[in-house]
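For reference, the structure discussed in these notes is given below.
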Amino acid sequence: MAIPVPVAAGVVSPLIELHQIEKLYKLGDQEVCALRGVSLVIRRGEFVAIMGASGGGKSTLMNILGCLDHPTSGTYLLQGHDVSTLSDDAQALLRNRTIGFVFQSFNLLARTTAITNVELPLVYSGVPARERKARAAVALEAVGLASRVHHLPNQLSGGQQQRVAIARAIVTNPSILMADEPTGNLDSVVSAEIMRLFQGLNRERGLTIIMVTHEADIAAYAGRVVRMRDGLILSDEPQLARAS
């Protein structure tokens with residue numbers, strides 16, 4: 001059942017609409033239901049935290065939202081496109097144009113400089129070398145790493161590595177940033193810095209952010225918290241985000 005959420009001023013256009021999404025996995029001769037009729041609307045400019053214990057369905061939901069997995073049933077509209085009707089290639093194109101991903105483990109190439117790591121999505125998109133370099137430099141400046149563009153990952157702190165990963169996620173100018181436990185490998189001080197960076201991207205660029213976390217103090221930086229258990233949405237509530 002969908003849970004109505006008050007619409008904040010200036011946040012009106014539905015970007016994501018899920019209707020009765022179910023996801024079944026087969027484990028041998030058994031079926032496991034990871035999502036049980038989830039309905040959800042996320043509007044442009046929102047910063048949403050998805051919380052829940054391990055096995056509650058939040059990672060499965062994130063994978064479906066990110067077009068990395070297919071629901072067993074239900075409808076998913078992304079920017080008005082019915083994702084279930086698209087081919088795998090069309091889904092990949094929509095994903096690459098619309099979504100930037102940030103993960104707990106950074107996923108940087110170890111022998112590649114920060115700026116080259118950030119350029120990678122543009123390489124895959126066929127952007128010319130000069131433009132790639134310029135856009136990557138702008139993205140690194142946006143995350144506060146203008147002086148670290150030629151450093152390798154092992155020359156950067158964990159927080160700096162995550163900033164490189166965020167720069168890589170935003171270099172394509174996506175509409176949505178999806179973050180899966182983005183502070184899981186960071187201490188509390190650096191985690192707060194990363195969350196303030198997310199808040200800045202959300203407020204200054206209007207970037208829609210969807211973040212999976214199991215930490216309440218991290219979810220406190222979002223403007224809305226969706227709590228899940230056993231494949232269901234237990235609550236979906238706006239909140240006053242922690243001040244940055």
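The values are calculated or read from the model by the stated rules, or taken from the named source; none is laboratory data. It should be emphasised that the depicted structure is a prediction, and the values quoted were computed from it without experimental measurement. Positions of Cβ are backbone-derived with ideal geometry, glycine not excepted, and every protein chain shown enters the neighbour counts.
The residues listed here are R224, R205, R242; of these, the one that is at pLDDT below 95, within 14 Å of F47 (Cα to Cα) and within 16 Å of the chain's Cα centre (by Cα) is R205.
For region 60-109, residues that are more than 14 Å from K23 (Cα to Cα), within 17 Å of the chain's Cα centre (by Cα) and not in a helix (DSSP H, G or I) total 14. None of G28, G45, G52, G56 is out of contact with any Asp or Glu (no Cβ under 6 Å at 6 or more places or on another chain), modelled with pLDDT under 90 and not charged (D, E, K, R) except G28. When region 98-147 is filtered for residues that are closer than 21 Å to L186 by Cβ and in contact with a strand residue (DSSP E or B) (Cβ under 7 Å, 6 or more places away or on another chain), the ones remaining, listed by number, are G100, F101, V102, F103, Q104. Scoring A114 on the criteria (1) of a type outside the set (S, T, N, Q); (2) under 26 Å from Y76 (Cα atoms); (3) in contact (Cβ under 8 Å) with a residue 24 or more places away in the chain leaves a single failure, condition (2).
In the set R148, R224, only one residue is touching a Lys or Arg at 6+ places or on another chain (Cβ under 9 Å) and among the basic types (K, R); that residue is R148. Can you tell me which condition R130 does not meet? The list is (1) within 23 Å of E204 (Cβ to Cβ); (2) surrounded by fewer than 16 Cβ atoms within 10 Å (Cβ to Cβ), and all the others hold. Of the numbered conditions (1) within 23 Å of E204 (Cβ to Cβ); (2) surrounded by fewer than 16 Cβ atoms within 10 Å (Cβ to Cβ), the odd one out for R130 is (1).
Out of region 24-59, which residues are part of a loop (DSSP other than H, G, I, E, B) and either more than 16 Å from the chain's Cα centre (by Cα) or of a type outside the set (D, E, K, R) (or both)?
Listed by number, the residues that qualify are G28, D29, G45, A53, S54, G55, G56, G57.
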